[in-house]
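Values quoted throughout were computed directly from the atomic coordinates according to the rules given, and no laboratory measurement underlies them. Here the structure is a predicted model, which is why all the values come from computation and not from measurement. Note that each Cβ is placed from the backbone with ideal geometry, even for glycine, and that neighbours are counted across all protein chains shown.
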Amino acid sequence: MDHSRTPVLEAIEAFHRRGDVVFGPPGHKQGRGVDPRVLQLMGEGTFACDVLTLNGLDDRRESQGVVSQAEDLMADAVGADTTFFSTCGSSLSVKAAMISVAGPGEKLLISRNAHKSVVAGVIVSGISPVWVHPHFDADLHLAHPPEPADVRRALEANPDAKGMLLITPTDWGTCADIAGVAEVCHEFGVPLIVDEAWGAHLPFHPDLPAWGVDAGADVVVTSVHKMGSAIEQSSVFHLKGDLVDPQVLKQREDLLGTTSSSPLVYASLDGWRRQMVEQGEQLLGAALQRAQRVRAAVDGIDGLDLMGREVVRPQGAFDLDPLALTIDVRALGISGYQAGDWLRAACHVDVGSADACRIGVRLTHGDDEQTEAVLLRSLRRLAAEAGELERKEPTRLPRPGQLEMENAMTPREAFFAPVEQVPVQRAVGRVVAELVSPYPPGVPVLAPGEVVTQEAVDYLVSGVAAGMLVPDAADPTLQTLRVVAG
């Protein structure tokens, strides 16, 4: 296929050449109605490119196939059979993938380190989740993805399960054995969905971890805005093989997706695909070299412990994304929350994620010598000045297995059940009726239907006191929890 083509961008250019006058949405009329103060900040081009696909970039029958051509090019670029664009982020894409594989009351194996959007999909759909627990690293206090043997045991115990949802790379850059998990799933005749939100870059350089489509996954969901060059909310999901019907997948996406898709998202996806096909290996090669330099420099900063390939081992990670820098700051006597807040306030450096132990920094092909220098200078300042930060009571971190809770109800049953708000200590032993997800990264500690344990409460309450944010809880202070009434 001709990857110099960008059907969406070309359609926007043609719209401008024709000089169409639109008497439908968007109401700003390609910027003419926008407050000049907004135009000054956002740019006239942003609004000039904001055109409906129907009777805008394409006609009402979509006879030009503007978006479908762009999706076909994307599929060809990454080796998928079919690709769909999403303008609602992978939070929607992963839900569409899930309900294409399992329906209400049907079982779906799901890695328990899934993002809250996956649990939300379980609640909305009525799917019955079978949690496959990740491997907890007791020293680092983080979770590595499940292994093929874990998936095999879950499928043997649940032969009626409709498929498996695997999360890789994790928020901290550790990767699963996708090929091994796919082989197990296919042996049992069920599809593998990979939530590869952090993996948009993986198909475009041979020195990066395996890409889900190449490794045998059936549906792969990717957030291009995370590690690619598309704008926020840009997501794609790819289909390979015949275990999931492309028409079913498209209809499920249509059920959940917006009917007013943003051409800005489509255009940036289109342009990013062309960029990666034409320049991706060169750009990502430079990023990998930069990451190697940054890693070497961070390794030399006293008090910072950079996670490396020592985690690639049985019961650990299968691989590691070298562009993800996971930096433990506990030796400085502070938490990752404090480190992230200090870097923003003192250095105007915003990290991607932070928890009780560490901060997460992502490098992409968009970084350069200036951003590299800013990052290293700021991390050196953090190490030098951390002694001036207030010492707080540490988060009471759970031991391996302590967050593997009993499931008393399905997430949907618990979420929609009559509930009561009780003091957090009185919630122990009760069935939680809400999501409680430290954010970022947004992996729920408590999912609806689980029986609250003292260890979970101790972790969450001490974490909030130390700076943890739980914005999805009804009471973000965690003085109270919503539990099933009765």
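Seen from ASP20, the other residues with C-beta closer than 14 Å to its C-beta sum to a net charge of +1, counting Lys and Arg as +1 and Asp and Glu as -1.
Here the 3J(HN,Hα) profile of region 218-228, calculated from phi with Karplus coefficients 6.51, -1.76 and 1.60 at θ = phi - 60°, is 8, 10, 10, 9, 9, 8, 6, 5, 6, 10, x Hz, Gly and Pro shown as x.
Under a 5 Å amide H cut-off, with hydrogens placed 1.01 Å from N, LEU481 pairs with VAL422, VAL424 among residues at least 5 apart or on other chains. What you get for the chain, charging only the Cβ of Lys and Arg (+1) and of Asp and Glu (-1), is a dipole of about 920 debye around the Cα centre.
Test of understanding: ordering HIS135, HIS238, HIS3 by Cβ neighbours within 10 Å, fewest first, what list do you get? Don't skip to the answer; put the middle values down first.
Numbers: HIS135 19, HIS238 28, HIS3 15.
Result, fewest neighbours first: HIS3, HIS135, HIS238.
The phi torsions of region 158-164, fed into the Karplus equation with coefficients 6.51, -1.76 and 1.60 and a -60° offset, translate into couplings of 9, x, 8, 5, 8, x, 9 Hz, rounded to whole numbers, with Gly and Pro shown as x. Here the residues VAL312, VAL424, ranked from fewest to most Cβ neighbours within 10 Å of their Cβ, fall in the order VAL312, VAL424. Listed values for region 371-377 are Karplus-derived 3J(HN,Hα) couplings in whole Hz (6.51 cos²θ - 1.76 cosθ + 1.60, θ = phi - 60°), namely 5, 4, 5, 4, 4, 5, 4, and x replaces Gly and Pro. Ranking of MET74, MET1 by neighbouring Cβ atoms within 10 Å, starting from the fewest: MET1, MET74. Scoring 148-154, 179-185, 222-228, 118-124 by mean Cβ neighbours within 10 Å over their residues and listing the highest first yields 222-228, 118-124, 179-185, 148-154. Along the axis of the charge dipole computed for region 122-248 (Cβ charges of +1 for Lys and Arg, -1 for Asp and Glu, origin at the Cα centre), the listed residues SER128, PRO203, CYS185 are led at the positive end by SER128. Take every Cα pair under 8 Å whose residues are at least 6 apart in sequence, average their separation, divide by the length of the chain, and the relative contact order is 14 percent.
Once you reduce region 383-418 and region 9-24 to the center of their Cα atoms, the two points are 51 Å from each other.
Summing -39500 (n - 2.57) over the DSSP H runs of n ≥ 4 in the chain and dividing by its residue number, what mean residue ellipticity at 222 nm do you reach, to the nearest 500 deg cm²/dmol? Write out the running numbers ahead of the final one.
Working: 15 runs with 179 residues, N = 486.
It comes out at -11500 deg cm²/dmol, rounded to the nearest 500.
Rounded to the nearest 20, the size of the Cβ-charge dipole of region 281-388 about its Cα centre is 100 debye, with Lys and Arg at +1 and Asp and Glu at -1. Look at the dipole of the chain built from charges on Cβ: of LEU243, PHE23, LEU323, the Cα furthest out on the positive end belongs to PHE23.
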